[in-house]
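The structure appears below as structure tokens.
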Amino acid sequence: MLGNVGMRRVKLNLVILLVLLAILKEVRSHGEQPLSRIAIDKAAFALHDLAYVKASPTILGARGERAEWVTLEFGTSNPSIDDWIGVFSPANFSATTCYGENPRVNPPFLCSAPIKYQYANYSSPEYKVTGKGLLQLQLINQRSDFSFALFSGGLSNPKLMALSNHVAFSNPNAPVYPRIAQGKLWNEMTVTWTSGYGIDEAEPFVEWGPKGGDSIRSPAGTLTFDRTSMCGAPARTVGWRDPGFIHTSFLKELWPNRVYTYKLGHRLYNGRYVWSQKYHFRASPYPGQNSPQRVVIFGDMGKDEADGSNEYNNFQQGSLNTTKQLIQDLNNIDIVFHIGDICYANGYLSQWDQFTAQVEPIASTVPYMIASGNHERDWPGTGSFYGNMDSGGECGVLAETMFYVPTQIRAKFWYSTDYGMFHFCIADTEHDWREGTEQYKFIEKCLASVDRQKQPWLIFLAHRVLGYSSCICYAEEGSFEEPMGRESLQKLWQKYKVDIAIYGHVHNYERTCPIYQNKCTRDEKHHYKGTLNGTIHVVAGGGGASLSTFTTFQTKWSLFKDHDYGFVKLTAFDHSNLLFEYKKSSDGKVYDSFRLSRDYRDILACTVDSCPSMTLAS
Ligand SMILES: [Fe+2]
């Protein structure tokens, strides 16, 4: 038996172990939402006569702008280096808005996290001495007014010293941030956007037509949800923010390759119309069509703030760079896949608006197809394959509502989509994919349903690495993949001759040889002629979230590794020639590439395990 001292020592060791494990988990998850560092529910009132915050201008977006800069002037008689300014929206964020989760517990003084924050001395280094400062922040139109609060006590013990005047966009309800996505049919484009107009106030629609031709109007459906749809905190508590209304319209019977223009509209019941600006897109090619087709793929981009508000300091430095490179090259991109870990809101809902604003130039112009990641979906007891808390209580609701994907059921995030000579099968790694599951059946059906003479380029996409990765996170566990990944799926990749499988989740870039069952099936590195005999696996998770470390262990199958931010681009020149490129987000230049050259008959020929054994035997 242990004495008292012994017991205490065991307890102490246990506590140290738990703390270490918690730190390790945080380091590994790469998912800390900066807003979660603020202990908003501990906030206290410390209003001070000499403390002030003034915001100007007070009316934003008078000419229809959806983002505007605001200047803050602030001061206090008792400055400190950890004073900070929180941006709140709605502007009234007092205890009166607190939601009583539990009637026996008094609601806190404050119960909504700010939508962004910045330290008071960020652009005023003399603040500590003079107690006066200036700060410029960028705000986007997200359906509510804004106020700015000066806090002392750092992020962990916030004390509200002063509150600003209110600032608002002239029409906070305006339709904003359209994102287009391929529909269930090749000749259908969906337009999804956000507004403050519910179905009781207005009818949403898209006015659209071929560029220079006649326009028609297509109706849009409207979705929203309330706090009780969230599965837990912070999404249900301090991170909750009214999501407004999310509309989707289906533009049908498009002419292949034609450029269309469109505008978002709301017809108010008093007869007045509210319009967005005009956008355009090019309709997708007919499946199998022979023309150059360019696809960009990355994961884990997240969002970042142009005003440098330090919510993402040291977290997602790459995000704005990736966004910038894609916008600059948009004339040479036909479709984008963001394969999971979309904005790392992690239960702070305001971040979804800010993300859709960041990618608007891309997503309003080319189909922006998403996959589901752990930071969108995972939550204990909600049917996710992993029972962790990475979604911050969102449990998939935000991703499934804010973006359209051509799934049968939005909650089951697997789908297929065609783009000309490409056929894509997109898996949902946050749901079970093993043999015998519904998703496994879908994956097999998707891979089997392609006519390789017309669509030679068969691409498998998923968030977590089901194939091969040299991430230290996997190597430490003695695997080079998500457990049960390739064990379950490599038979299918081989049988249906998947050319390339691309993943996110691990925040770096890596490319393997063509591989099957851990063995390279070809020796070349940059130009593959004829059949691959295996599948090339790529990690493209360097979209923007903080980078993942590689193991120092060298494998035979890893051909190229880059510990940096970047994305990949596939260019199909025709049915026989495909170019794969990896570009860095910092300069948009190509740092790795390979080519596939072959005839479609090369794919039909049998290779190891790709045809039933009976066929080989005969
Ligand atoms: Fe992830």
Consider Phe424 against the criteria (1) more than 16 Å from the ligand (Cβ to nearest atom); (2) within 14 Å of the chain's Cα centre (by Cα); (3) assigned to a strand (DSSP E or B): it satisfies all of them except one. Which criterion is unmet?
(2)
Among (1) modelled with pLDDT under 90; (2) part of a loop (DSSP other than H, G, I, E, B), the one test that Asn78 misses
(1)
If His431 satisfies every condition in (1) surrounded by 22 or more Cβ atoms within 10 Å (Cβ to Cβ); (2) under 19 Å from the mean Cα position of the chain (by Cα) but one, which is the exception?
(1)
Specify which of the listed residues (Ser56, Ser112, Ser36) is modelled with pLDDT of 85 or more, more than 16 Å from the ligand (Cβ to nearest atom), within 30 Å of Cys471 (Cβ to Cβ) and polar (S, T, N, Q).
Ser36
Which residue pairs have Cβ atoms under 7 Å apart, sit 6 or more places apart or on different chains, and have a first residue in the stretch 475-488 that is among the acidic types (Asp, Glu) and a second that is part of a helix (DSSP H, G or I) and open to solvent by less than 20 Å² (accessible area, probe 1.4 Å)?
Glu481/Tyr474
Any residue in the stretch 429-458 that's closer than 15 Å to Arg486 by Cα: show its pairings with residues that are assigned to a strand (DSSP E or B) and at pLDDT 95 or above at Cβ separation under 9 Å, as long as the two are six or more apart or on different chains.
Thr429/Ala371; Thr429/Ala462; Thr429/Tyr503; Trp433/Ala462; Ile443/Cys425; Ile443/Phe460
Of all residues in the stretch 396-405, how many are in contact (Cβ under 8 Å) with a residue 40 or more places away in the chain and open to solvent by 10 Å² or more (accessible area, probe 1.4 Å)?
3
With the checklist (1) more than 16 Å from the ligand (Cβ to nearest atom); (2) at pLDDT 95 or above in hand, flag the one item Gln408 doesn't pass.
(2)
Check whether at least one residue in the stretch 314-326 is assigned to a loop (DSSP other than H, G, I, E, B), at pLDDT 95 or above, away from the ligand (no atom under 14 Å from the Cβ) and within 19 Å of His463 (Cβ to Cβ), and report yes or no.
no
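Any idea which of Gly86, Gly100 is closer than 28 Å to Pro172 by Cα, away from the ligand (no atom under 16 Å from the Cβ) and either assigned to a loop (DSSP other than H, G, I, E, B) or at pLDDT below 90 (or both)?
Of the residues listed, the single one that is closer than 28 Å to Pro172 by Cα, away from the ligand (no atom under 16 Å from the Cβ) and either assigned to a loop (DSSP other than H, G, I, E, B) or at pLDDT below 90 (or both) is Gly100.
Give Gly308, Gly271 a once-over and let me know the one that is open to solvent by less than 30 Å² (accessible area, probe 1.4 Å), on the phi > 0 side of the Ramachandran plot and either of a type outside the set (Ser, Thr, Tyr) or at pLDDT 95 or above (or both).
On the way: Gly271 fails: open to solvent by less than 30 Å² (accessible area, probe 1.4 Å).
After applying the criteria, what remains is Gly308.
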Subset of the stretch 384-405 (residues that are within 13 Å of the ligand (Cβ to nearest atom) and in a helix (DSSP H, G or I))
Ala399
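Check every one of the strands (runs of 3 or more DSSP E) wholly within the stretch 139-251 and list those with 2 or more residues that are more than 19 Å from Lys263 (Cβ to Cβ).
On the way: elements: 147-152, 159-163, 176-182, 189-195, 202-210, 216-223, 245-251.
Ranges flagged: 147-152, 159-163.
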Among the numbered criteria (1) over 26 Å from Cys231 (Cβ atoms); (2) touching a Leu at 6+ places or on another chain (Cβ under 8 Å), which single criterion is violated by Lys324?
(2)
Complete set of residues in the stretch 327-351 that are away from the ligand (no atom under 16 Å from the Cβ) and among the β-branched types (Val, Ile, Thr):
Ile327, Ile333, Ile335, Val336
Could you identify the single residue in Arg464, Arg434 that is at pLDDT 95 or above, touching a helix residue (DSSP H, G or I) at 6+ places or on another chain (Cβ under 6 Å) and under 17 Å from Phe413 (Cα atoms)?
Arg434
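Hey, among the residues in the stretch 459-474 that are among the hydrophobic types (A, V, I, L, M, F, W, C) and within 14 Å of the ligand (Cβ to nearest atom), which one's most open to solvent (accessible area, probe 1.4 Å)?
To start, the set of residues in the stretch 459-474 that are among the hydrophobic types (A, V, I, L, M, F, W, C) comprises 459-462, 465-466, 471-473.
Narrowing further to those that are within 14 Å of the ligand (Cβ to nearest atom): 461-462, 465-466, 471, 473.
Numbers: Leu461: 0, Ala462: 0, Val465: 0, Leu466: 1, Cys471: 4, Cys473: 40 Å².
Only one residue tops the list, namely Cys473.
Do you know which residues across the stretch 507-549 are more than 14 Å from Asp300 (Cβ to Cβ) and among the hydroxyl-bearing types (Ser, Thr, Tyr)?
Within the stretch 507-549, Thr512, Tyr516, Thr521, Tyr528, Thr531, Thr535, Thr549 qualify.
Pick from the stretch 352-383 the residues that are touching a Leu at 6+ places or on another chain (Cβ under 8 Å) and within 16 Å of the ligand (Cβ to nearest atom): which of them is nearest to Phe337 (Cα to Cα)? Lay out the reasoning, then the answer.
Looking only at the stretch 352-383, we keep the residues that are touching a Leu at 6+ places or on another chain (Cβ under 8 Å), and these are 352, 358, 361-362, 365-366, 371, 376.
Adding the requirement that they be within 16 Å of the ligand (Cβ to nearest atom) leaves 371, 376.
Working: Ala371: 8, Glu376: 16 Å.
Per the criteria, the residue is Ala371.
What about Ser593, is it open to solvent by 20 Å² or more (accessible area, probe 1.4 Å) and either of a type in the set (Asp, Glu) or touching a residue at least 60 places away in the same chain (Cβ under 8 Å) (or both)?
Against the criterion (open to solvent by 20 Å² or more (accessible area, probe 1.4 Å) and either of a type in the set (Asp, Glu) or touching a residue at least 60 places away in the same chain (Cβ under 8 Å) (or both)), Ser593 qualifies.
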Given the criteria out of contact with any Lys or Arg (no Cβ under 8 Å at 6 or more places or on another chain) and touching a residue at least 24 places away in the same chain (Cβ under 8 Å), does Pro108 qualify?
no
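The values are calculated or read from the model by the stated rules, or taken from the named source; none is laboratory data. These figures come from a predicted structure and were not determined experimentally. Virtual Cβ from ideal backbone geometry, glycine too; neighbours counted across all protein chains shown. Heads up: the accessible areas ignore ligands, DNA and RNA and are worked out on the full protein's heavy atoms, side chains in. Shrake-Rupley method; radii C 1.70, N 1.55, O 1.52, S 1.80 Å.
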